[in-house]
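Only one structure is covered here, and it is reproduced in the block below.
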Amino acid sequence: MIIQGFDPISDPDARILILGSMPGIASLEANQYYGHPRNAFWRIMGDVFGAGLELPYAERTAILKDQGVAVWDVLKLCHREGSLDSNIKDEVPNDFTTFFGAHPGIERVVLNGGKAARSFEKYVRPLVPSLAARTVPSTSPAHARLGYEAKRNLWHAAMTNPV
């Protein structure tokens, strides 16, 4: 199945860019980033910025923008059966040249999991070789190696401390 990602959540004055790989089925059906109910992303954003699941999606995204945080995916299109990153094929990256031109204040990237990190290095790093980037554990429920507290602590450090 051909999957197409979402437009970024961003304001021109964003300083931090969170990049995932590609929305899963639950997110696509909800038309929301990190829409799977067991994905830890919004719970972590609630702990770090007050943008938790108890708020409507529009309010959560507004809080992130107010905090200088943008959210996007490395990939614009791909072929994938199911939601697992390991099933992604025929990748087409998003237009990062235009994105970084419109968001000149991005000072660091936080990469949500290994697939996002590998895709970032392949498609985006050549465009911004000196941009600080940190990979954090995936918030996906499929990535259950680490408990919530450990994930939250690593994400908090990546979001609040320069690389």
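Just one of LEU53, LEU28 is assigned to a loop (DSSP other than H, G, I, E, B) and over 22 Å from ILE106 (Cβ atoms); which is it?
Selected residue: LEU53, the only one of LEU53, LEU28 that is assigned to a loop (DSSP other than H, G, I, E, B) and over 22 Å from ILE106 (Cβ atoms).
Which one of PHE99, PHE120 is of a type in the set (Phe, Trp, Tyr), buried (at least 19 other Cβ atoms within 10 Å of the Cβ) and touching a residue at least 60 places away in the same chain (Cβ under 8 Å)?
From the options PHE99, PHE120, the qualifying one is PHE120.
Please enumerate the residues belonging to the range 107-137 that are hydrophobic (A, V, I, L, M, F, W, C) and either outside any loop (DSSP other than H, G, I, E, B) or closer than 15 Å to ASP73 by Cα (or both).
Selection gives VAL109, VAL110, LEU111, ALA116, ALA117, PHE120, VAL124, ALA132, ALA133, VAL136.
Can you pull out every residue in the range 143-158 that is buried (at least 16 other Cβ atoms within 10 Å of the Cβ) and part of a loop (DSSP other than H, G, I, E, B)?
HIS143
Could you check how many residues of the range 56-96 are surrounded by 15 or more Cβ atoms within 10 Å (Cβ to Cβ) and either modelled with pLDDT under 80 or hydroxyl-bearing (Ser, Thr, Tyr) (or both)?
5
Taking the conditions exactly as written (surrounded by 19 or more Cβ atoms within 10 Å (Cβ to Cβ), at pLDDT below 95 and in contact with a strand residue (DSSP E or B) (Cβ under 7 Å, 6 or more places away or on another chain)), does GLY5 satisfy them or not?
Yes: the conditions hold for GLY5.
The values are calculated or read from the model by the stated rules, or taken from the named source; none is laboratory data. Model, not experiment: these values are computed from the prediction. Please note: Cβ atoms are built from the backbone with ideal geometry, for glycine as well, and neighbour counts cover all protein chains shown.
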